[in-house]
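Read through the structure below, which is laid out as structure tokens, and then see the notes.
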Amino acid sequence: MSDPAAVDPPKQLDFAERYIRMTKILAVILVPIVIILFSFVSFERKVVLDGEVLSPKQILVRSAIKDTLVKKVFVESGDRVTQGQVITEFQDVAGWANQLSVADLDVGVQLAALASYSNMNYDSLDKVMQKAEMERLRLAVAQTQYRLADLKEKVRLLRSEAPFDGEIVKVQVQDFDRVDVGTPIYEVARTDEFYVKAWIPEKLYSLVAKGNKVYLKSNLWNYLWYQIFHGEITYLSQFAQRHPVSGEIVFETHIKVLDGIDLMRVNTSVKCEIVRDRVGLLGYVFQTRPQR
């Protein structure tokens, strides 16, 4: 009887050779295919920064009246307002409204007197007196009209109106607060357009340029994952400065928000991923810093 061990090894060796041969054939076929496929794949290289959502028109409204009281505040922080809407009203401590009524009556009386002098007939001596009196009345009318315009402006300032359509960022006074000239009253911002302000460290400055595409990631509505919006760099400062908090040398940049404006809020933070360029697989793996 023949020994099975003397027959099996050649069969096992033959199987291994066939396996190796098939592997080589597949490698010869698949490796070029994989290389060709990856040659068509490109990757975005990004610069990641922290940014803050701001409004292009955000102003702090201050009191223009000296030493008065807040009579009524009509809005709260976060309220949407329209241009011309009354935000606050102040007490008329100096009685400007009453003075305005008196001045209005005075102008009417003076104009009537001036008209009556103009329609009278006098002799030559009286005409000289008439002319002098008319000049006096004209001067009085001009002075009263100037005072009338000044009082109208003061009465107008007793009601602070929204300068444009937007959202109240913060109300800084309440009813019966005492205010003076320059006292902050409220802050209002436009909400139909936003931009993101970010600070680029000097070592990353050469990697970005005006017009670069930006991914804006916000977790305002969900803490677990980001919502992704899109933006574009519209301003890149040519002058370095110290970061207002860290003191690091940085360049200021502004990113225009292209979508998701209705979901963003002023003064919230976002993650900015600035797309610096697109490269193939090898360029992405062996990254080098590009020079301008």
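Below are the figures for this structure:
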{"item": "Residues within the stretch 48-63 that are surrounded by fewer than 17 Cβ atoms within 10 Å (Cβ to Cβ) and farther than 22 Å from Ser218 by Cα, tallied", "result": "3"}
{"item": "Lone qualifier among Val214, Val179, Val208 - being more than 11 Å from Val47 (Cα to Cα) and either of a type in the set (S, T, N, Q) or in contact (Cβ under 8 Å) with a residue 60 or more places away in the chain (or both)", "result": "Val179"}
{"item": "Residue count for the stretch 234-262, restricted to those that are in a loop (DSSP other than H, G, I, E, B) and touching a residue at least 40 places away in the same chain (Cβ under 8 Å)", "result": "3"}
{"item": "Where Phe229 falls short, out of the listed (1) part of a strand (DSSP E or B); (2) surrounded by fewer than 13 Cβ atoms within 10 Å (Cβ to Cβ); (3) not basic (Lys, Arg)", "result": "(2)"}
{"item": "Residue within the stretch 157-180 that is surrounded by fewer than 17 Cβ atoms within 10 Å (Cβ to Cβ) and in a helix (DSSP H, G or I) present", "result": "yes"}
{"item": "Selection count where residues are among the basic types (Lys, Arg) and in a helix (DSSP H, G or I), scope the stretch 187-213", "result": "1"}
{"item": "Complete set of residues in the stretch 68-95 that are farther than 19 Å from Phe176 by Cβ and of a type in the set (A, V, I, L, M, F, W, C)", "result": "Val81"}
{"item": "Checking Phe239 against (1) among the aromatic types (Phe, Trp, Tyr); (2) under 21 Å from Ala189 (Cβ atoms); (3) modelled with pLDDT of 90 or more, the condition it does not meet", "result": "(2)"}
{"item": "Looking only at the stretch 202-211, and only at residues there that are touching a Leu at 6+ places or on another chain (Cβ under 9 Å) and surrounded by 16 or more Cβ atoms within 10 Å (Cβ to Cβ), the one that is nearest to His254 (Cα to Cα)", "result": "Val208"}
{"item": "Check on Gly78, outside any helix (DSSP H, G or I), surrounded by fewer than 12 Cβ atoms within 10 Å (Cβ to Cβ) and not aromatic (Phe, Trp, Tyr)", "result": "yes"}
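The values are calculated or read from the model by the stated rules, or taken from the named source; none is laboratory data. Not measured: the values here are computed from a predicted model. Please note: Cβ atoms are built from the backbone with ideal geometry, for glycine as well, and neighbour counts cover all protein chains shown.
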